[in-house]
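**Student:** Quick one: structure below, then a few questions.
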Amino acid sequence: MNIYEIEALKLAKKASALGEIPVGAVIVKDGKIISKGYNKRECKQMATKHAEIIAIENACKKLNSWRLDECEMYVTLEPCPMCAGAIANARIKTLYYATEEKTSCDHLLETILTSNRLNHKVEIKRCKGEEEAQKLLQDFFKNKRKLKNQ
């Protein structure tokens, strides 16, 4: 794993420790991390507080632009449709994700990020941290079910 993938996993662990679904995201420009995010839906009680959205918002503030041209995003879990739309609209160059969403079988991420309706196409690649990202998610939901049944 590279340093960006490691940082995204650290953020996912931070989210998990707060009772959030363990997803972390970082945005990189010119080889430097310029923005980070992790899930905060529960603590903020806001449906849009996904790791990717938070990272995009922070990067836009840092660069003083909604265009994140030449930026890369590293995220621990395949983005949902809302986040995929935000990634495309922010014009992120490349998306790297570690593990697939468990219900992912329809190629929706690829459909959104490479749609002919958009004037920007996002390159999609996989990270090397798949096993660790999967384990984080599985352990999180296993513990959540265990607590629910007690």
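**Student:** I'd like to verify a number: residues in the stretch 71-107 that are β-branched (Val, Ile, Thr) and open to solvent by 70 Å² or more (accessible area, probe 1.4 Å), how many? Steps first, please.
**Tutor:** Within the stretch 71-107, the subset β-branched (Val, Ile, Thr) is 75-76, 87, 92, 94, 99, 103.
Narrowing the set further to residues that are open to solvent by 70 Å² or more (accessible area, probe 1.4 Å) leaves 103.
Within the stretch 71-107, residues that are β-branched (Val, Ile, Thr) and open to solvent by 70 Å² or more (accessible area, probe 1.4 Å) number 1.
**Student:** Taking the criterion of being touching a strand residue (DSSP E or B) at 6+ places or on another chain (Cβ under 6 Å), within 29 Å of LEU147 (Cα to Cα) and among the aromatic types (Phe, Trp, Tyr), would at least one residue in the stretch 25-44 satisfy it?
**Tutor:** Here is the first cut: in the stretch 25-44, the ones touching a strand residue (DSSP E or B) at 6+ places or on another chain (Cβ under 6 Å) are 25-29, 33-38.
Next, only the ones that are within 29 Å of LEU147 (Cα to Cα) stay: 25, 37-38.
Okay, now just the ones that are also among the aromatic types (Phe, Trp, Tyr), so 38.
Yes; the residues of the stretch 25-44 include at least one that is touching a strand residue (DSSP E or B) at 6+ places or on another chain (Cβ under 6 Å), within 29 Å of LEU147 (Cα to Cα) and among the aromatic types (Phe, Trp, Tyr).
**Student:** Give just the number: which of (1) open to solvent by less than 30 Å² (accessible area, probe 1.4 Å); (2) more than 17 Å from CYS127 (Cβ to Cβ) does LEU113 not satisfy?
**Tutor:** (2)
**Student:** How many residues does the stretch 41-81 hold that are over 11 Å from the mean Cα position of the chain (by Cα), over 14 Å from GLU20 (Cβ atoms) and of a type in the set (A, V, I, L, M)?
**Tutor:** Going through the stretch 41-81 one residue at a time, the tally reaches 3.
**Student:** Of the residues LYS44, LYS10, LYS32, only one is of a type in the set (Lys, Arg), in contact (Cβ under 8 Å) with a residue 12 or more places away in the chain and surrounded by fewer than 21 Cβ atoms within 10 Å (Cβ to Cβ); which? Break it down stepwise before answering.
**Tutor:** Working: LYS44 fails: in contact (Cβ under 8 Å) with a residue 12 or more places away in the chain; LYS32 fails: in contact (Cβ under 8 Å) with a residue 12 or more places away in the chain.
None of the others qualify; the one that does is LYS10.
**Student:** I'm checking my understanding of the structure. Among residues of the stretch 28-40 that are part of a loop (DSSP other than H, G, I, E, B) and closer than 23 Å to GLN134 by Cβ, which one is farthest from the chain's Cα centre (by Cα)? So that I can check it myself, show each step before the final result.
**Tutor:** Start the filter on the stretch 28-40 by keeping residues that are part of a loop (DSSP other than H, G, I, E, B), which leaves 30-31, 39-40.
Then drop every residue that is not closer than 23 Å to GLN134 by Cβ, which leaves 39-40.
Working: ASN39: 9, LYS40: 12 Å.
Taking the candidates together, the pick is LYS40.
**Student:** Only one residue in LYS32, LYS44, LYS36, LYS49 is over 17 Å from GLU123 (Cβ atoms), basic (Lys, Arg) and touching a Leu at 6+ places or on another chain (Cβ under 7 Å), so which one is that? Walk me through how you get there before you give the answer.
**Tutor:** Values: LYS32 fails: touching a Leu at 6+ places or on another chain (Cβ under 7 Å); LYS44 fails: touching a Leu at 6+ places or on another chain (Cβ under 7 Å); LYS49 fails: touching a Leu at 6+ places or on another chain (Cβ under 7 Å).
Just one listed residue meets the conditions, LYS36.
**Student:** Among the listed residues ALA25, ALA15, ALA47, identify the single one that is part of a helix (DSSP H, G or I) and either more than 19 Å from GLU78 (Cβ to Cβ) or among the small types (Gly, Ala, Ser) (or both).
**Tutor:** Numbers: ALA25 fails: part of a helix (DSSP H, G or I); ALA47 fails: part of a helix (DSSP H, G or I).
Residue meeting the stated conditions: ALA15.
**Student:** Hey, another quick one. Which residue out of LYS125, LYS146, LYS142 is closer than 23 Å to ALA15 by Cβ, within 15 Å of the chain's Cα centre (by Cα) and loosely packed, with under 13 Cβ neighbours inside 10 Å? Full working, then the answer.
**Tutor:** Numbers: LYS146 fails: within 15 Å of the chain's Cα centre (by Cα); LYS142 fails: within 15 Å of the chain's Cα centre (by Cα).
Answer to the selection: LYS125.
The values are calculated or read from the model by the stated rules, or taken from the named source; none is laboratory data. Note that this is a predicted model, so its numbers are computed, not measured. Cβ atoms come from the backbone with ideal geometry, glycine included; neighbour counts cover every protein chain shown. Accessible surface is based on the protein model in full, side chains and every heavy atom, while ligands, DNA and RNA are left aside. Shrake-Rupley method; radii C 1.70, N 1.55, O 1.52, S 1.80 Å.
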